[in-house]
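The values are calculated or read from the model by the stated rules, or taken from the named source; none is laboratory data. Being a predicted model, the structure only gives us computed values, none of them experimental. Positions of Cβ are generated from backbone atoms using ideal geometry, with glycine treated the same way; all protein chains shown enter the neighbour counts.
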Amino acid sequence: MSEKEERFHGMSSLPDAQKEAIIKNEYCAEVHTWGLVLSLIHAVIIFLPPLFLLFVYGIFPGWATVGKAFASVAAIAGPYWFIEPVSYFLILGVGGTYISFLAGNISNMRLPVSAVAQEVAGVREGSPEGEIIGGIGISVSQVMLTVAVLAGAIVVTLIIDALPKSVKGAFDFLLPCLWGAIFGQFALRAPQYAIVVLIVGIPLVMFAGLPTWTLIPLMVFGLAVLAIILFKNGIWVPKK
């Protein structure tokens, strides 16, 4: 068994066309139906607390205040509403994208879980098998997170309160550590691309002085285009 076959040992032997047809006609159709319905329900639930304050207590800050608050949030988070679904889609998949953007904790929970699940199962990101495995991993992570949050609310809070400030400060590095682990996971597959990412990414982040929201699309789409060019020209990655 070659290194590639060993890495992707979980891939189905069905023809690609048949797998794509199953995903498109049987899986994605159902996922989109439930995903849209649950997303709309979620959108309604989000407005219940302010509606409760409005109709029960008559509290309303005025449309001008609401507009200013929305503009302040949109100025910072707005670009991510478009960037993150596109950037994360290949790893999260269709079902995983719906769950992740409804449940949250994408970068520090859903994305690593989906990537690791596909790695362990031996399937390729963006493939029909990856779609299923990633969705299962994200679904299980949500169940486990619910249990963990309940336990954390009861136990972990007491423990964290007792920790010294120096230890609490270490939690600030949790998210960078997770991103570093994901980078390392994919760097092992193609070290040459990892080197390019570091050469391009470090100066871009530290010295370019660009707004934070521009860094993700520049890195994701710019390096994706570079990878395609190198692949088509047979540089580093063989054409076969």
For residue 15, only one of the following conditions fails: (1) surrounded by fewer than 10 Cβ atoms within 10 Å (Cβ to Cβ); (2) over 30 Å from residue 189 (Cβ atoms). What is its number? (2)
Flagged in segment 95-111 as surrounded by fewer than 18 Cβ atoms within 10 Å (Cβ to Cβ) and assigned to a helix (DSSP H, G or I), in numbering order, are 102, 103, 107, 108
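Does segment 175-190 include one or more residues that are more than 21 Å from residue 116 (Cα to Cα) and loosely packed, with under 12 Cβ neighbours inside 10 Å?
No, that holds for no residue.
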Residues that are among the aliphatic types (A, V, I, L, M) and touching a residue at least 24 places away in the same chain (Cβ under 8 Å): which helices (runs of 4 or more DSSP H) entirely in segment 114-231 hold 1 or more of them? 128-151, 174-187, 191-207
Quick one: would you say residue 113 is modelled with pLDDT of 85 or more and either closer than 30 Å to residue 18 by Cβ or among the polar types (S, T, N, Q) (or both)? yes
Quick one: which residue in 229, 216, 202 is under 23 Å from residue 77 (Cβ atoms), outside the structural domain of residue 85 (by TED's automatic domain parsing) and out of contact with any Gly (no Cβ under 7 Å at 6 or more places or on another chain)? 216
Residue 30 being closer than 30 Å to residue 121 by Cα, surrounded by 13 or more Cβ atoms within 10 Å (Cβ to Cβ) and among the acidic types (Asp, Glu): no
Residues (touching a residue at least 60 places away in the same chain (Cβ under 8 Å) and surrounded by fewer than 10 Cβ atoms within 10 Å (Cβ to Cβ)) located in segment 33-89: none
So how many residues does segment 32-63 have that are assigned to a loop (DSSP other than H, G, I, E, B) and within 31 Å of the chain's Cα centre (by Cα)? 1
Going through 122, 137, 130, 126 one at a time, which residue ends up being in contact with a Leu (Cβ under 6 Å, 6 or more places away or on another chain) and closer than 24 Å to residue 184 by Cβ? 126
Please specify each residue of segment 134-190 satisfying the condition of being aromatic (Phe, Trp, Tyr) and within 14 Å of the chain's Cα centre (by Cα). 179, 183
